[in-house]
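Take a look at the structure set out below.
The values are calculated or read from the model by the stated rules, or taken from the named source; none is laboratory data. Bear in mind that the values here come from a model prediction, so they are computed numbers and not experimental data. So basically every Cβ, Gly included, is an ideal-geometry build from the backbone, and we count neighbours across all protein chains shown.
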Amino acid sequence: MAKQFNNIFLLWGGANILGGSDSEEFIPIISTDEEDIKDAKYPEDLAILPIRNTVLFPSMVLPITVGRQKSIRLVKKAYKGDRLIGVVAQRNSAADEPTLDDLYSVGTLARILKLIILPDGNTTIIIQGLKKIEIAHLIKDTPYLTAKVKFPVDAPLDTSKRETKALTQSLKETAQKIIRLNPEIPQEAQIALENIESINFLIHFLCSNINAELKDKQELLEFDNIKDRATKLLEHMWRDIQLLEIKKEIHSKTHSDIDQQQRDYFLRQQIKVLQDELGDDSAEQEIENLKARASKKQWSEAVAKHFQKEVDRLARMNPAAAEYPMALGYLEFLLDLPWQEFTKDHFDLKNAKKILDKDHYGLKKVKERILEYLAVLKLKNDMKGPILCFYGPPGVGKTSLGKSIAESLKRKYVRMSLGGLHDEAEIRGHRKTYVGAMPGRILQNIKRAGSSNPVFILDEIDKVGSDFRGDPSSALLEVLDPEQNHSFMDNYLEVDYDLSKVLFIATANSLDTIHPALRDRMEIIEINGYTQEEKLEIAKKHLLPKLRKEHGLTSKDFTIDNKAILKVISEYTHESGVRNLEQKLAAVVRNIAKSVAMAEDYSKIVKETDIERILGAPIFDKEMYQDNSVAGVATGLAWTQSGGEILFIESSLSKGRGTFTLSGQLGEVMRESAMAALSYLKAHAEELGIDYRIFSHYDLHIHVPAGAVPKDGPSAGITMFTSLASVYTQQKIKEKLAMTGEITLRGKVLPVGGIKEKVLAARRAGIEEIILSVKNKKDIDEIEKEYIKDLKFHFVETIQEVLDLALTKEKVKKPLIFKIEENNPSTSQN
């Protein structure tokens, strides 16, 4: 019996133990809980698990990765039952679905100790050999191989005989000699061998770990006599010893004959003689080619001097040296960079405007700023101004604007994505002394462009990260600073490179995560997104022609009417840009393409009624104006990242003690607006004809529907106040009227943002009149007149003006409920 010992893993040098059905390498594990396998009754009908390239011996524990479906079903079923299986080696390791003829007839009865399903989906089992088995005949081959087996008994050794003791000692000494000769085997293996007392366990353990072919190990397992098995095992082990001694002798002789320096010299001389004989002067020719290319480069004297120094260093270097390819690659990179090589700018601003209008609909202010930028570049021919940064939600055309600028200037276009960038070396490069050193991605892209003045898009600059490898945002400071980038230093290049002629344009979805110093070096141009009307024009002029071309269709194959496109925009997308709109329209076009390809009858005009059939039920509901016949319901306007929306603010009163409740997932700013509105109402109750005692006898509840949607901002201030004034006076609010503006405790109406989106949302919802702060009039003037021709605007400065416009003289149908009895004791105390 083997003594207990812990954590011993043993693999003889050169022995590749392969287990499972996928030929993965495993190291046999000696069980830490080994016990003698006592005689026991085992079933004669066994599920057979074929394994490749290894043999399982009794008492050995082995991990196996199971890959075949049959084998997976077998082990899972066995693991739930008695956990006993037959493990047999394959004769033909190439067979993926082995039959009985592909297997050896002798194998091992094994118990599954553990079944593990790994995260990658593979199934691994740990099995322990119990007894040798012999397959008698096949019972069935589905769902896995099942066979009738016999349990041959090995002729035992008499442990009391001197011959057995000598055999045991011989096996241990031979194994220890192998351990001493092979440095790859851990010395702890000697301790393991000394602790093994059972001759059977020792033989099986050594059989599992010897460096032998599969057929040789199978032969050892098939021996019926333990003594014969041990004798054959000794033969294999002595063969290993002979090979190890020869290897050691060769290694020792080599080291004693020549040292490393002499060896290098000898090989160099041989290479030189061979090159002379063959007339091969490729290394010298290579250096001459580098010098010829360098003579044509228009670089500075400092760069030319540095290049010559590196070429001279390369000429002294042995071409067979490991450093030679790295030095050659560095010089080729120097030559490939476009030093003082520029494309000629095409400063036709009218053509630039034409290209911008062709590629992008709307974005009037953004286009004007780009044209101003190009005009300065044309006049000065030296752009040491701020770097442009297009900021806005996804899908609004930030990156494609840069492409249009490159097209208008006829410059090369380069795009570099910064999303998820963590390593500073990605910007500045590695020092070329490091193994695998590379230049930074800035210079790599300049090299790819073949020009020193491309339009360089730094995409997703807000998603640059930082960790222990450095801070790329700080490295970008030098790149994007006009006062520094004329002498940009890449760690790999080791000389200054002029980036001042590069037209850098950054894009970002958020400004919060941009490094403050980096943000200071850029001019932020905000792109808010497109209105519903603009999206309609973009779909007609840009998206549909593009989708027709991508799907092999023409304008004769189909058209989509405006109402159908608007239905897709309002009910199937909810975004600032047009990326999702393009995806939904692509689904419509694919549906038509299928009909065309299958020669089916279809309508060539896609109407509003066809959209739901193609895209399914609407994803989003349009918020429409709802006629209100009760007091306390006011219509407000809100801005979201996907455009403007209308919202309803409802106020109600109930008898109580004057408590105040807000609901509807409101943000902190919106709650403060409600508090300010209520405070102003209480302060001016008498002017509004409200009995001040009502506030302490009725509970107030303000609710903003759509509670699942977070709502915040000061824009609802006047809407809150109008709703409160309506419910306390029981006067109805004018129909089809909406409003937006911030309120102050002095009764002033302050301006708010997002007016364009809010006004267009009101128009879509059926609103006819809108109340705004007088300071928002300038925002209305910037909206195209055709979009607001059927809307009436009221510009106010005070809360009282809002009430005069919003409240009607009409009272609600039911009588006032706020009459407080004069004889109420609590009232008289007030």
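Ser198 fulfils the conditions (1) of a type in the set (Gly, Ala, Ser); (2) at pLDDT 85 or above; (3) more than 15 Å from His236 (Cβ to Cβ) except for a single criterion, (2). Is one or more of the residues making up the stretch 673-695 small (Gly, Ala, Ser), out of contact with any Asp or Glu (no Cβ under 8 Å at 6 or more places or on another chain), in contact (Cβ under 8 Å) with a residue 60 or more places away in the chain and buried (at least 16 other Cβ atoms within 10 Å of the Cβ)? Looking for residues that are small (Gly, Ala, Ser), out of contact with any Asp or Glu (no Cβ under 8 Å at 6 or more places or on another chain), in contact (Cβ under 8 Å) with a residue 60 or more places away in the chain and buried (at least 16 other Cβ atoms within 10 Å of the Cβ), one finds at least one in the stretch 673-695, hence yes. Note on the stretch 462-551: enclosed helices (runs of 4 or more DSSP H) holding 2 or more residues that are surrounded by 21 or more Cβ atoms within 10 Å (Cβ to Cβ) and at pLDDT below 85 are 472-480.
Pairs meeting the criteria (first residue in the stretch 286-306 and free of Cβ contacts under 8 Å to residues at least 24 places away in the same chain, second residue of a type outside the set (S, T, N, Q), beta carbons under 7 Å, at least 6 apart or on different chains) are Lys291/Val311. Selection over the stretch 292-327 of residues that are under 27 Å from Gln340 (Cα atoms), in contact with a Leu (Cβ under 8 Å, 6 or more places away or on another chain) and of a type in the set (A, V, I, L, M) gives a count of 5. If you go through the stretch 393-407 and pick out every residue that is touching a Leu at 6+ places or on another chain (Cβ under 9 Å), on the phi < 0 side of the Ramachandran plot and in a loop (DSSP other than H, G, I, E, B), you end up with 1. A Cβ distance below 7 Å, combined with a sequence gap of six or more or placement on separate chains, defines the contacts here; from the stretch 234-252, residues that are more than 18 Å from Ala166 (Cβ to Cβ) reach residues that are acidic (Asp, Glu) and modelled with pLDDT of 85 or more in the pairs His236/Asp216.
Candidates Leu100, Leu62, Leu18, Leu84: the one that is at pLDDT 70 or above, in contact with a strand residue (DSSP E or B) (Cβ under 7 Å, 6 or more places away or on another chain), under 17 Å from Lys217 (Cβ atoms) and in the same structural domain as Leu214 (by TED's automatic domain parsing) is Leu62. Residues in the stretch 672-716 that are in a loop (DSSP other than H, G, I, E, B) and under 20 Å from Leu647 (Cβ atoms): 9 in all. In the condition set (1) over 27 Å from Tyr373 (Cα atoms); (2) modelled with pLDDT under 85, Met438 is compliant with all but (2).
When Ala449 is tested against the conditions (1) touching a Lys or Arg at 6+ places or on another chain (Cβ under 8 Å); (2) over 15 Å from Leu499 (Cβ atoms), the lone failure is (2).
A quick yes/no check of all residues on (1) aliphatic (A, V, I, L, M); (2) out of contact with any strand residue (DSSP E or B) (no Cβ under 7 Å at 6 or more places or on another chain); (3) within 14 Å of Phe648 (Cα to Cα):
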| position | (1), (2), (3) |
| --- | --- |
| Ala677 | yes, no, no |
| Lys682 | no, yes, no |
| Gly747 | no, no, no |
| Leu750 | yes, no, no |
| Val759 | yes, no, no |
| Ile771 | yes, no, no |
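Just wondering, is there one or more residues in the stretch 316-334 that are in contact with a His (Cβ under 9 Å, 6 or more places away or on another chain) and loosely packed, with under 14 Cβ neighbours inside 10 Å? Scanning the stretch 316-334, I find no residue that is in contact with a His (Cβ under 9 Å, 6 or more places away or on another chain) and loosely packed, with under 14 Cβ neighbours inside 10 Å, so the answer is no.
Residues are listed down the side, and each one gets a yes or a no for (1) farther than 18 Å from Pro58 by Cβ; (2) outside the structural domain of Tyr104 (by TED's automatic domain parsing); (3) β-branched (Val, Ile, Thr):
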{"site": "Gln169", "(1), (2), (3)": "yes, no, no"}
{"site": "Glu173", "(1), (2), (3)": "yes, no, no"}
{"site": "Glu188", "(1), (2), (3)": "yes, no, no"}
{"site": "Ser198", "(1), (2), (3)": "no, no, no"}
{"site": "Phe201", "(1), (2), (3)": "no, no, no"}
{"site": "Cys207", "(1), (2), (3)": "no, no, no"}
{"site": "Gln218", "(1), (2), (3)": "no, no, no"}
{"site": "Lys232", "(1), (2), (3)": "no, no, no"}
{"site": "Ile246", "(1), (2), (3)": "yes, no, yes"}
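Within the stretch 223-262, count every residue that is modelled with pLDDT of 85 or more and in contact with a Phe, Trp or Tyr (Cβ under 8 Å, 6 or more places away or on another chain). So the count comes out to 3. When the stretch 646-665 is filtered for residues that are part of a loop (DSSP other than H, G, I, E, B) and under 7 Å from Tyr698 (Cα atoms), the ones remaining, listed by number, are Gly656, Arg657, Gly658. Just name the residue that is surrounded by the fewest Cβ atoms within 10 Å (Cβ to Cβ) out of those in the stretch 789-809 that are within 24 Å of Ser629 (Cα to Cα) and of a type in the set (Asp, Glu). If we take residues in the stretch 789-809 being within 24 Å of Ser629 (Cα to Cα) and of a type in the set (Asp, Glu), then Asp804 is surrounded by the fewest Cβ atoms within 10 Å (Cβ to Cβ).
On the basis of being of a type in the set (Lys, Arg) and crowded, with 19+ Cβ neighbours inside 10 Å, does Lys711 make the cut? So Lys711 fits the description; yes.
Would the stretch 711-723 turn up any residue that is over 19 Å from Val802 (Cα atoms), touching a residue at least 12 places away in the same chain (Cβ under 8 Å) and not acidic (Asp, Glu)? Yes, that holds for at least one residue. The set of residues from the stretch 335-377 being surrounded by fewer than 16 Cβ atoms within 10 Å (Cβ to Cβ), basic (Lys, Arg) and in a helix (DSSP H, G or I) comprises Lys350, Lys354, Lys358, Lys364, Lys365, Arg369. Only a single criterion out of (1) surrounded by fewer than 21 Cβ atoms within 10 Å (Cβ to Cβ); (2) touching a residue at least 24 places away in the same chain (Cβ under 8 Å); (3) under 29 Å from Ser473 (Cβ atoms) is not satisfied by Glu407, namely (3).
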